[in-house]
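Single-structure report; data block below.
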Amino acid sequence: MNETVLERPAAIPQRQTAPVAATRRKDTQTRGYLLLALAITSGYLLRDLGYMTPESGMGYWLGIIGGSMMLTLLLYPLRKRIRILQILGPTRFWFRLHMAFGLVGPLLILYHCNFQLGSINSQVALYCMLLVAGSGIVGRHFYARIHRGLYGRKTSLRELQQDLAASVDKSHGLATLMPMLVARLNKMAVEMQGCSVTQTLGIRRSIRWTFTHHFTHFSLWLTARRELRAIAENSSIVLRDPERLSRASSKFIRDYMSLVGRVAQFSFYERLFALWHILHLPIFLLMVLSALFHVLAVHMY
């Protein structure tokens, strides 16, 4: 290995802001789900104390607020499809509100009913609401797989393939140090993105990636370690800071595999999201009708 290549400052990758931002978003979402789970668990454990009643007081108003939030969810698809509603603000704002209200609204409804089942009409409304909330969480997962970030624009298979092809060039010289690792990465990428990806549902490819990527990741990490040890025997530069190069190579492998996984599973998730879209709207409308019937039944009888 040429010593001059190893002495380049670019041989060790610099931290990139995009992956860091993605990691922070993921951490924030994880904390949000944990808080939601804590609120649901606490309310369920305290249901027998009688702090909430659906008919009056705080329980009644939580039902009004939660129901209004669920009804507000309809504004996002209307804002996206009706041009005159652009005066209401950007679509991204309404999408974020849609995501937030889709979680907070059902939580308030659960507190409204004190985590207990009531009459038949209230049970139907509750089950429909829970079905919509669960469907929304599943749809969010599909959405993130085919968009650039949770609030980003929709990507395409070609764009992901271009990102994959450019990722080696963005390794800041690390790829030059480990040609064996790069060869294995490129071979894996070719195997996971054939012409059939654009022509079929890609179920087999997606399942294969799901069950093999952890083993592949470990195997690639071992290859990188072997190459770094071989380089260190001929270079004092690498021998001086092996841990930093090891961390950089691990990050390079992780980011590259993340892109390969998105390419391998893109067609599958794109079709799942389209199917989810067809099913989610009827379920939502059924929830609205059942909730309206519940409100009328409660106040009339």
I'm told residue 51 meets every condition in (1) in a helix (DSSP H, G or I); (2) hydroxyl-bearing (Ser, Thr, Tyr); (3) at pLDDT 75 or above except one. Can you identify the failing condition by its number? (1)
Quick one: would you say residue 79 is within 24 Å of residue 286 (Cα to Cα), at pLDDT 80 or above, crowded, with 17+ Cβ neighbours inside 10 Å and among the charged types (D, E, K, R)? yes
Is segment 57-66 home to any residue that is in the same structural domain as residue 284 (by TED's automatic domain parsing), closer than 19 Å to residue 139 by Cα and either at pLDDT 80 or above or not in a helix (DSSP H, G or I) (or both)? no
Given (1) at pLDDT 80 or above; (2) surrounded by 14 or more Cβ atoms within 10 Å (Cβ to Cβ); (3) not assigned by TED's automatic domain parsing to the domain that holds residue 98, identify the lone condition not met by residue 226. (2)
Pairing a residue in segment 273-301 that is closer than 18 Å to residue 125 by Cβ with any residue that is basic (Lys, Arg) and exposed (fewer than 11 other Cβ atoms within 10 Å of the Cβ), where Cβ atoms lie under 8 Å and the two sit 6 or more apart in sequence or on different chains, gives none
Go through the residues of segment 141-160 one by one and say whether even a single one is in contact with a Leu (Cβ under 9 Å, 6 or more places away or on another chain), in a helix (DSSP H, G or I) and modelled with pLDDT under 75. yes
Take residue 290 and decide whether it is under 30 Å from residue 61 (Cβ atoms), in a helix (DSSP H, G or I) and of a type in the set (S, T, N, Q). yes
Within the group 69, 58, which residue is surrounded by 12 or more Cβ atoms within 10 Å (Cβ to Cβ) and in contact (Cβ under 8 Å) with a residue 24 or more places away in the chain? 69
Identify the single condition in (1) free of Cβ contacts under 8 Å to residues at least 24 places away in the same chain; (2) under 26 Å from residue 60 (Cβ atoms); (3) touching a Ser or Thr at 6+ places or on another chain (Cβ under 7 Å) that residue 80 does not satisfy, given that it satisfies every other one. (2)
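On the given criteria, is residue 140 among the charged types (D, E, K, R) and in contact with a Lys or Arg (Cβ under 9 Å, 6 or more places away or on another chain)? Write out each step before concluding.
Values: among the charged types (D, E, K, R): yes; in contact with a Lys or Arg (Cβ under 9 Å, 6 or more places away or on another chain): no.
So residue 140 does not fit the description; no.
Quick one: in segment 184-198, of everything that is part of a helix (DSSP H, G or I) and surrounded by fewer than 12 Cβ atoms within 10 Å (Cβ to Cβ), which residue is modelled with the lowest pLDDT? Let's see the steps before the verdict.
Initial filter on segment 184-198 (part of a helix (DSSP H, G or I)): 184-191, 196-198.
If we keep only those that are surrounded by fewer than 12 Cβ atoms within 10 Å (Cβ to Cβ) as well, we get 187, 190.
On the way: 187: 75, 190: 72.
Per the criteria, the residue is 190.
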Tally up the residues in segment 110-137 that are among the aromatic types (Phe, Trp, Tyr) and either closer than 21 Å to residue 51 by Cβ or outside the structural domain of residue 59 (by TED's automatic domain parsing) (or both), please. 2
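The values are calculated or read from the model by the stated rules, or taken from the named source; none is laboratory data. Nothing here was measured: the structure is a model prediction, and the numbers come from that model. Heads up, the Cβs are rebuilt from the backbone with ideal geometry, glycines too, and the neighbour counts pull from every protein chain shown.
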